[in-house]
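Take a look at the structure below.
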Amino acid sequence: MGLVAGFGYFLIALGPALTIFGSSVAPKPFLILTVLASALVWLASLNIAAIVWRAFLPGPSWVFLLILTTSVALQEAFRLLYWHLYLKIEKYLNVLATKLSKPQCNYLDRLEIALASGVGHGLAHAVFFGLSIIAPAFGPATYYTSSCKQMPLFLVSALSSLAFFLLHTFSMVIAFNAYTYDNISQKLFVPIMHLGAALLTLVNLLPNGCTAGVPLVFLCTALTMAYGGKIVWHNLGPHSLHHGYLHSPQSGSSL
Amino acid sequence: MEKGILDVVGGEIVGIVTPVSICMFLVVTLVHILDPRGEDAPVSNIAMMVYNEQASDSFSEKLGGALLNAIVFVVIVTLVTFMLVALFYYRCTRCLRVYMGISAFTVLAWMGGIVAVQIIKLYSIPIDVITFLICTINFASVGVAAVFFCRMPIMVTQGYLIVIGMLVAFWFTKLPEWTTWVLLLAMAAYDVVAVLTPRGPLNLLVELAIERDEDIPALIYEARPTVSGRMQMPPSPAQMGSDAERPRVRRWNRRASRSSNPSPDTELGESPMSSGNASQRDSTLTAAVDDSQNLITGPPTEPEVGIIGSRLISSTGEGGALHAVSIILHENSHMDDDTVPLVQQQTNSPSSPATLGRSEAEFDHRSRPMNGATQHSEDGDEETGIGLSGAIKLGLGDFVFYSVLVGRAAMYDLMTVYACYLAIVAGLGATLILLAVWQRALPALPISISLGVIFYFLARLVMDPFVLDMSTNLVFF
């Protein structure tokens, strides 16, 4: 039973991540490296947040409010750093592409890198906040916290990991697009959604709050995904999903 | 659909990161299944000759004892490596091979057998002694043959190398905690000295191998198969390898010749070659004609290096990302398309270099290097197929120590494992990039191990309690 439950939680938390990784990232070596690099960046931001706030935990619940706000701000700052780092690397990639007589990075390549970077952030989140909590679920027992009697801790963790994985993944796509086109509303959308989702998890602290907190976080995720999808659809246009168009000069020149 | 730049760059790095990840994953799994808390009595071992750590010892006793253990261990490793260099210098290749073969057999049969028995006990798998012995001995014999003596599909050889690395690393995780950490740091420091100083044993070994156009005798994981197909190599003075060794020999030739004439950028016909190489080059051309895979070309640009021990060997290159880097840096030429997707080809390619290296003795320690191999670009060099021939090489010792670190981390918590894994891979990536930049053999341990140790303690002392507190309260960000 433990094994079945463990795999269930594991697949809820990481199933979509593994699917995206296997279908879109794994075939291209550079994207795999992107995932690793972006996971490392996320881990670095987590480390800094942990160093600062470690001393204040465990504490009263208002501490969480401070932690969440500062950590989200820190991660968004790291996202900006990451973007600048990416621009540098893209220059090298383009030089290299010229040498190899390959086309330069076009919009679609950039989207793929954004997706891979998002997967890196999301996977790191899912691994640190989800997987390490879920691991004991493979054992014989389950675990409830006093504030959430409806669902085991493992299920809440798995669902939240899934929500945050998707949020991080598509936030990165939106962010790359926003930076590319210097679009203010998109630039604001990403941190606001991230902060919103983080603050909504505070609902989980209330008695029986998890019945409301988890769906609310998923609402943020759904909004992010829908917005990301809309942006990409708008930029590529419906007909561009046919193959030949993908590497066409038009999409490249839109940069 | 046409392949874009993203398909092409980074292949070599992924080719090296994947086996390292597999090895670490296996070690972590073994540790989890067999020894989740590190409670097994430490197996007495050469690394704890001086001091046997007790949980009750004081902080300073543990630290001092661990330091002593590490020093003794490093001294022994150094002596053995010098012995190896001496044997290699006096051309006792047979002796070396036999020694390496026996140690590999011991690891596979004895250590592998013990691990298998533990698993069998744990899961109560019904099996009789005779079947078990036959399986174990066959497994080990095939392994030794695959690694040292005959050509087998590259997957088999690589698989066995990973298994050897895994078993040795699992053994090392049984060291007491403090000794493990100090030992890892000491090995990283040793690695720097041995590879980078002119008189360092590993550096000597590499130089000797380059000078003689021979393989480095060591256990080395090679990301890509060497191509065996070309026999048309021009005879070089040094070449005395057996058939099996030929491809490699060639490679070394190339390296040697490259180093001898450093002029980059010449194109095929026009490149100035040193007189010594001229004949070689002609033959190469011919060879190239029949071998579509090869590019031949001009003069070698940079010397490649191979290595042993735990170092990376460098490469030159042109080829994937690494090359890319080096290309950008050195601006020499442009690459051929074929060069690039090497990695994908590797699985299919039938030939493997049977001989990876044989080397140092115990796997335990020594390191083995990585070598970046070469690839060629158009202006690359002779014969080896493009892309196929040169491979990045990583000493099995590096596999072992990376896995030891991760395995030790697994005894605390999974979170520390992930943190260490990311740190080690980042260090490995940084080392590979330096390899492309500096074009010489590099030690693979220092960056990765120091990052790994830093992240372990950060994760254990700071991040783990923080994240646990957050997530048990169901608060995330």
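The values are calculated or read from the model by the stated rules, or taken from the named source; none is laboratory data. Here the structure is a predicted model, which is why all the values come from computation and not from measurement. All Cβ positions, glycine included, derive from the backbone under ideal geometry; neighbour counts span all protein chains shown. All accessible areas refer to the heavy atoms of the entire protein, side chains included, with ligands and DNA or RNA removed. Shrake-Rupley method; radii C 1.70, N 1.55, O 1.52, S 1.80 Å.
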Checking the condition touching a helix residue (DSSP H, G or I) at 6+ places or on another chain (Cβ under 7 Å) and open to solvent by less than 10 Å² (accessible area, probe 1.4 Å), which residue from A:F170, A:F128 passes? A:F128
Just to be sure, is A:F138 in contact with a helix residue (DSSP H, G or I) (Cβ under 6 Å, 6 or more places away or on another chain) and at pLDDT 85 or above? no
Of these, A:W83, A:W53, which one is facing chain B (nearest Cβ under 7 Å), over 14 Å from the mean Cα position of the chain (by Cα) and of a type in the set (F, W, Y)? A:W53
Being part of a helix (DSSP H, G or I), open to solvent by less than 50 Å² (accessible area, probe 1.4 Å), free of Cβ contacts under 8 Å to residues at least 60 places away in the same chain and in contact with a helix residue (DSSP H, G or I) (Cβ under 6 Å, 6 or more places away or on another chain): is that true of B:G113 here? yes
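Within region B:172-181, can you find the residues that are in a helix (DSSP H, G or I) and either without any contact (Cβ under 8 Å) to a residue 24 or more places away in the chain or buried (at least 22 other Cβ atoms within 10 Å of the Cβ) (or both)? Outline the logic, then answer.
Restricting attention to region B:172-181, the residues satisfying the condition of being in a helix (DSSP H, G or I) are B:172, B:177-181.
Listed by number, the residues that qualify are B:F172, B:T179, B:T180.
So, in region B:189-215, of the ones that are of a type in the set (G, A, S) and touching a residue at least 60 places away in the same chain (Cβ under 8 Å), which residue ends up most open to solvent (accessible area, probe 1.4 Å)? Give the steps one after another, and end with the answer.
Filtering region B:189-215 down to residues of a type in the set (G, A, S) leaves B:189, B:194, B:200, B:209.
Next cut, touching a residue at least 60 places away in the same chain (Cβ under 8 Å) only: B:189, B:194, B:209.
Working: B:A189: 55, B:A194: 1, B:A209: 0 Å².
Only one residue tops the list, namely B:A189.
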I need every pair where a residue in region B:442-468 that is without any contact (Cβ under 8 Å) to a residue 60 or more places away in the chain and within 13 Å of another protein chain (Cβ to nearest Cβ) has its Cβ under 8 Å from the Cβ of a residue that is surrounded by fewer than 20 Cβ atoms within 10 Å (Cβ to Cβ) and among the β-branched types (V, I, T), sequence separation at least 6 or different chains. B:L458/A:I51; B:V462/A:I51
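Of all residues in region B:18-36, which are open to solvent by 10 Å² or more (accessible area, probe 1.4 Å) and part of a helix (DSSP H, G or I)?
Here is the first cut: in region B:18-36, the ones open to solvent by 10 Å² or more (accessible area, probe 1.4 Å) are B:18, B:21-22, B:25-26, B:28-30, B:32-34, B:36.
Hits for region B:18-36 are B:T18, B:S21, B:I22, B:F25, B:L26, B:V28, B:T29, B:L30, B:H32, B:I33, B:L34.
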Just checking, does region B:124-139 include any residue being buried (at least 16 other Cβ atoms within 10 Å of the Cβ) and more than 19 Å from the chain's Cα centre (by Cα)? yes
Could you tell me how many of the residues in region B:409-438 are over 26 Å from A:F30 (Cβ atoms), open to solvent by 10 Å² or more (accessible area, probe 1.4 Å) and either within 10 Å of another protein chain (Cβ to nearest Cβ) or aliphatic (A, V, I, L, M) (or both)? 3
Among A:L81, A:L40, A:L74, A:L85, which is the only one that is surrounded by fewer than 22 Cβ atoms within 10 Å (Cβ to Cβ), under 29 Å from B:V17 (Cβ atoms) and touching a Ser or Thr at 6+ places or on another chain (Cβ under 6 Å)? A:L74
Scanning region A:126-163 residue by residue, those within 8 Å of another protein chain (Cβ to nearest Cβ), of a type outside the set (G, A, S) and under 11 Å from B:S471 (Cβ atoms) turn out to be A:F128, A:F129, A:L131, A:I133, A:T145, A:L153, A:V156
Residues of region A:89-111 being more than 7 Å from chain B (Cβ to nearest Cβ), free of Cβ contacts under 8 Å to residues at least 24 places away in the same chain and open to solvent by less than 40 Å² (accessible area, probe 1.4 Å), in sequence order, are A:E90, A:N94
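In region B:14-30, which residues are of a type in the set (S, T, Y) and touching a residue at least 12 places away in the same chain (Cβ under 8 Å)? Show your work before the answer.
First, the residues of region B:14-30 that are of a type in the set (S, T, Y): B:18, B:21, B:29.
Listed by number, the list holds a single entry, B:S21.
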If B:L394 meets every condition in (1) among the aliphatic types (A, V, I, L, M); (2) assigned to a helix (DSSP H, G or I); (3) in contact (Cβ under 8 Å) with a residue 60 or more places away in the chain apart from one, which number is that one? (2)
Exactly one condition in (1) more than 24 Å from the chain's Cα centre (by Cα); (2) surrounded by fewer than 20 Cβ atoms within 10 Å (Cβ to Cβ) is false for B:R94; which is it? (1)
Look at region B:439-453 and say how many of its residues are surrounded by 22 or more Cβ atoms within 10 Å (Cβ to Cβ), polar (S, T, N, Q) and closer than 13 Å to B:A188 by Cα. 1
Taking the options A:I32, A:I48, name whichever one is of a type in the set (A, V, I, L, M) and more than 7 Å from chain B (Cβ to nearest Cβ). A:I48
Looking at (1) more than 10 Å from every other protein chain (Cβ to nearest Cβ); (2) at pLDDT below 90; (3) within 23 Å of B:V417 (Cα to Cα), which is the only condition A:W62 fails? (3)
